[in-house]
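To start, the structure itself, in structure tokens.
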Amino acid sequence: MSRRSELLAERLEKGAAALAAFVEDLSEGEWQAPISATDHRTVGVVVHHVASMYPIEIELARTIASGNAVNEVTPEVVDQMNAAHAAENANVTKEAALSLLRQNSRAAADAVRSFSDEELDGAAPFSLSFGAPMTAQFVIEDHPLRHSWHHLARIRKALAEPKCVAAASN
């Protein structure tokens, strides 16, 4: 295991743990609160979404590490995946989402630990970066590592908004 892959894995684990710790004690109303006026997914669906994406995000990094381009993952495809996920998991329980978050983040961190420095430095065209040749390390940092931090910030913001707090208490 390389020192870089270990540090990346630790940062991924820290983000997942922060997300889990924040949502663990939310009320049912807060769990069902929408993320924003434009993103109607609930907090619970978003937590489950983060958990569900880890295997896909790791596979993208592995593909790039092997020198193969990722061309089929576009913003439109991501939007479709997110919409389908939200519809399929609209009633996800906190217990189920947190269990999946812990399981998949642990597996993702273990997978990140398996990357060598050479693999982390491997680059190939990446469609979510407009076809620019991105390194596997960038894909890891921008996707499985950042994802929990990104959505934790969005959840905190959503629950701090007066409209959301009022809806959550009803």
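The values are calculated or read from the model by the stated rules, or taken from the named source; none is laboratory data. Just so it is clear, the model here is predicted, and its values are computed rather than measured. Neighbour counts are summed over all protein chains in view; Cβ atoms, including those assigned to glycine, are modelled from backbone coordinates with ideal geometry.
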Answer yes or no as to whether Glu72 is of a type outside the set (A, V, I, L, M, F, W, C), within 26 Å of Phe130 (Cα to Cα) and in contact (Cβ under 8 Å) with a residue 24 or more places away in the chain.
-> yes
Hey, could you check the range 115-127 for residues that are touching a residue at least 60 places away in the same chain (Cβ under 8 Å) and in contact with a helix residue (DSSP H, G or I) (Cβ under 7 Å, 6 or more places away or on another chain) and say which is surrounded by the fewest Cβ atoms within 10 Å (Cβ to Cβ)?
-> Asp117
Only one of these is of a type outside the set (S, T, N, Q) and over 17 Å from Ser148 (Cα atoms): Ala21, Ala33, Ala17. Name it.
-> Ala33
Selection within the range 2-33 - in contact with a Ser or Thr (Cβ under 7 Å, 6 or more places away or on another chain) and either basic (Lys, Arg) or not in a helix (DSSP H, G or I) (or both) | Ser2, Gln32, Ala33
For the range 82-93, how many residues meet the condition of being modelled with pLDDT of 95 or more, surrounded by 12 or more Cβ atoms within 10 Å (Cβ to Cβ) and either in contact with a helix residue (DSSP H, G or I) (Cβ under 6 Å, 6 or more places away or on another chain) or in a helix (DSSP H, G or I) (or both)?
-> 4
Residues that are within 13 Å of the chain's Cα centre (by Cα) and within 16 Å of Val43 (Cβ to Cβ), drawn from the range 8-26 = Ala16, Ala18, Leu19, Ala20
Just give me the residues in the range 1-16 being of a type in the set (D, E, K, R) and touching a residue at least 40 places away in the same chain (Cβ under 8 Å), in sequence order.
-> Arg4, Glu6, Glu10, Arg11, Glu13
Hey, Ser27 hits all of (1) over 17 Å from Ile140 (Cβ atoms); (2) without any contact (Cβ under 8 Å) to a residue 40 or more places away in the chain; (3) loosely packed, with under 14 Cβ neighbours inside 10 Å but one; which does it fall short on?
-> (2)
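Residues are listed down the side, and each one gets a yes or a no for (1) over 14 Å from Val47 (Cα atoms); (2) of a type in the set (Gly, Ala, Ser); (3) part of a helix (DSSP H, G or I):
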position	(1), (2), (3)
Val77	yes, no, yes
Glu95	no, no, yes
Ala108	yes, yes, yes
Ala124	yes, yes, no
Given the structure, is Ser148 closer than 27 Å to Arg4 by Cα, of a type in the set (S, T, N, Q) and in a helix (DSSP H, G or I)?
-> yes
Please tell me if Thr63 is free of Cβ contacts under 8 Å to residues at least 24 places away in the same chain and not small (Gly, Ala, Ser).
-> no
